Amino acid sequence: MRVFVLGLDCATPQLLFEKFKNDLENLPAIWSGGYHGKIRSVTPPITIPAWMCMATGKTPGELGIYGFRHRKGYSYLDYWITTYSKIKEKTVWDILGEKGMKSVIVGFPPTYPPRKLNGYMVSDFVTPDIQSRFTYPPELREEVLSVNNGEYIFDIVYRTEQKDKMKRELWKMTDMQFKVVEHLMKTKEWNLFWYVNIGIDRVHHAFWRYMDKEHHLYEEGNPYENVIYEYYKYVDEWTGRILSHLKDDDTVIVVSDHGAKRMKGAFCINEYLIEKGYLKLKKYPDSVTDLNNEIVDWKNTYAWGWGGYYSRVFLNVEGRERMGIIKPEEYEDFARELIKELQNVRGPEGEEWKSMVALPEEIYSTVNGEPPDIMAFFDDLYWRAAGTVGHNRMYLEENDKGPDDAVHDWYGIYASSDKELVAENITEIRDIILRAFGMEVIE
Ligand SMILES: [Zn+2]
């Protein structure tokens, strides 16, 4: 009994199931006799934690993982990065391993540093470089490197103006990763094989404006109009090669962690908080900068925020933060008031936004780890948040972290060669895989 899962980070229903569907051959063949549809991501719909929510069947609140970065305790500026070590729940490969079944996991975010499993692991884009210990077992590293003559690429720089270079590296990375997948499929014994391709996410972020006529920066007749299409075609070709190594009774699943859509701009959360008097600077900076101790007057600050696909807002609470000023008994009212204000933020033209701003406890039934005080999703994700200050304005046409044209969307794609394996939310994927193996769904 074998299940092969092809993870396509950021693959969207609008492209895979609509716009490109007639030009793709091998991917649609997987679900032609099976099932395909859109699938709801988690909140927040971000790579980390979304893939781990699939593998563990847990929400971000249960995992205590709210993004790639987390504030360290109640400090003002210290943060930690989510690595595999921060994932405490059992993954589907852990569960299968206990039943004696073997898994091969490649590129799954975040699986660096790799942990012991019954099978093989090649870690993901969080891996620092090829010198690091990126495989389990450790001796697999040399074998993986030998597939591509001593090279391997975990990720590429995608927020760059050097579009041609980025494109070349994207194709090279994809080729190397699929070659390793192919090698492991053929040479290892496995029950579950799960590969996550990060390339679709990267091509969306780097090239969306060139494809989408509705994007505010789209230019007619630009030379990159078809790059996203070409990349989907390339992944489709590789999929054909991968499928040729499978047996007729293997189950194949294709899934993404979230979708994508055009970015309308970036909302400067801290510029907003400054204007409203919640964030106090000692001196407004002459150039764009992240918040730092030189400029922030913490003793007179009530709230500050982080940028990203959504904004995490932190409150400066007496007895909790070092220079906190909000009285603990006023915390609740303060948070409610700020939520209401953020909920009513409008766009640059005064247009209404469909925003979702809430306390973590309102989003999750269990809130573990180090959550922010407030989570703010602006205009149904069309507007990302920028955490930098010094812009002298509240709305940016571009991401403050480099050229990036796409934001994430709530719905990704799900497809299965078995029409009985239907999923509507990514947190069901763990149990879908267990069911494919005829195992009881747990908890
Ligand atoms: Zn993703």
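The values are calculated or read from the model by the stated rules, or taken from the named source; none is laboratory data. Being a predicted model, the structure only gives us computed values, none of them experimental. Quick reminder, even Gly has a Cβ in these numbers, built from the backbone with ideal geometry, and neighbours come from all protein chains shown.
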Do you know which residues across the range 253-303 are among the hydrophobic types (A, V, I, L, M, F, W, C), buried (at least 24 other Cβ atoms within 10 Å of the Cβ) and within 16 Å of the ligand (Cβ to nearest atom)?
Val255, Ala260, Met263
Name the one entry in Pro128, Pro137 that is more than 23 Å from the chain's Cα centre (by Cα) and either of a type in the set (Lys, Arg) or surrounded by fewer than 18 Cβ atoms within 10 Å (Cβ to Cβ) (or both).
Pro137
Within the range 15-25, restricting to residues that are away from the ligand (no atom under 16 Å from the Cβ) and assigned to a helix (DSSP H, G or I), the one that is surrounded by the fewest Cβ atoms within 10 Å (Cβ to Cβ) is Asn22
Exclusive hit being closer than 26 Å to Gln131 by Cα and at pLDDT 95 or above, set Lys167, Lys233
Lys167
Some residue of the range 329-342 being in the same structural domain as Lys283 (by TED's automatic domain parsing) and at positive phi:
no
With the condition being not assigned by TED's automatic domain parsing to the domain that holds Ala386, I'd like the helices (runs of 4 or more DSSP H) fully within the range 181-283 carrying at least 3 qualifying residues.
199-211, 227-243
Starting from residues that are touching a Leu at 6+ places or on another chain (Cβ under 8 Å) and of a type in the set (Lys, Arg), keep the ones in the range 171-224 and report whichever is surrounded by the most Cβ atoms within 10 Å (Cβ to Cβ).
Arg202
Please verify whether Val147 is at pLDDT 95 or above and within 16 Å of the ligand (Cβ to nearest atom), treating the condition exactly as stated.
no
